[in-house]
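Here the structure comes first, spelled out in structure tokens, and everything after it is commentary.
The values are calculated or read from the model by the stated rules, or taken from the named source; none is laboratory data. Worth saying up front: this structure is predicted, and the values here are computed from it rather than measured. Note that each Cβ is placed from the backbone with ideal geometry, even for glycine, and that neighbours are counted across all protein chains shown.
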């Protein structure tokens, strides 16, 4: 399994997709382009990846390497955390990366969704990304 395969798997399972809907759902989210970093213009919008799928893949690979920083208490020097939020039914996503208490929200897809009555939000953290990344690093071919 590659890190890109793992990113696709996380998209499908986090969204609880039916097998018949999973391929379209994964493509729709995976291909969301990096749009902007909400808090600052000093961080490149594609610093995590040029698409949502690439950003997930890169984080799955890198979070286990920085396990100590991601496991440290919130107020510890060098502490890092990640929250991933996926929105639907119109696909868009945010990745909130926090380092030393400073958050950067990477937005993928359109900045705003159309007005709708029923929305869905899925959220997960570096814990999910780290466990999957460690499983690949420990035994699956890359």
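To keep it simple, each residue is scored yes or no on (1) over 18 Å from residue 124 (Cα atoms); (2) out of contact with any strand residue (DSSP E or B) (no Cβ under 8 Å at 6 or more places or on another chain).
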{"site": "10", "(1), (2)": "no, no"}
{"site": "28", "(1), (2)": "yes, yes"}
{"site": "36", "(1), (2)": "yes, no"}
{"site": "50", "(1), (2)": "yes, no"}
{"site": "53", "(1), (2)": "no, yes"}
{"site": "70", "(1), (2)": "no, no"}
{"site": "73", "(1), (2)": "yes, yes"}
{"site": "81", "(1), (2)": "no, no"}
| query | Of the residues that make up segment 85-95, is at least one surrounded by 19 or more Cβ atoms within 10 Å (Cβ to Cβ), under 12 Å from the mean Cα position of the chain (by Cα), modelled with pLDDT of 95 or more and within 23 Å of residue 137 (Cα to Cα)? | reply | yes
| message | For segment 122-140, which positions are under 19 Å from residue 52 (Cα atoms) and touching a helix residue (DSSP H, G or I) at 6+ places or on another chain (Cβ under 8 Å)? | response | 122, 124, 126, 128, 129, 130, 132, 133
| query | Are there any pairs with C-beta distances below 6 angstrom linking a residue in segment 110-124 that is at pLDDT below 75 to a residue that is surrounded by 10 or more Cβ atoms within 10 Å (Cβ to Cβ), with the two at least 6 apart or on different chains, and if so which? | reply | 113/90
| said: Just the residues that are farther than 19 Å from residue 30 by Cβ, assigned to a loop (DSSP other than H, G, I, E, B) and either free of Cβ contacts under 8 Å to residues at least 12 places away in the same chain or touching a helix residue (DSSP H, G or I) at 6+ places or on another chain (Cβ under 9 Å) (or both), please, taken from segment 76-109. | reply: 76, 78, 79
| note | When segment 55-74 is checked residue by residue, the ones that are in contact (Cβ under 8 Å) with a residue 24 or more places away in the chain and either within 13 Å of the chain's Cα centre (by Cα) or outside any helix (DSSP H, G or I) (or both) are 55, 56, 57, 58, 59, 60, 61, 62, 63, 74
| Out of all the residues in segment 1-54, which are within 15 Å of the chain's Cα centre (by Cα), farther than 18 Å from residue 85 by Cβ and either part of a loop (DSSP other than H, G, I, E, B) or at pLDDT below 90 (or both)? | 46, 50
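Condition first: crowded, with 20+ Cβ neighbours inside 10 Å and either touching a helix residue (DSSP H, G or I) at 6+ places or on another chain (Cβ under 6 Å) or closer than 19 Å to residue 8 by Cα (or both). Can you find one or more residues in segment 113-121 that meet it?
Checked segment 113-121: no residue is crowded, with 20+ Cβ neighbours inside 10 Å and either touching a helix residue (DSSP H, G or I) at 6+ places or on another chain (Cβ under 6 Å) or closer than 19 Å to residue 8 by Cα (or both).
Rundown of residues vs (1) surrounded by 13 or more Cβ atoms within 10 Å (Cβ to Cβ); (2) touching a residue at least 24 places away in the same chain (Cβ under 8 Å); (3) over 14 Å from residue 105 (Cα atoms), yes/no style:
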| position | (1), (2), (3) |
| --- | --- |
| 9 | yes, yes, yes |
| 15 | yes, yes, yes |
| 20 | no, no, yes |
| 24 | no, no, yes |
| 32 | yes, yes, yes |
| 41 | no, no, no |
| 44 | no, no, no |
| 47 | yes, yes, no |
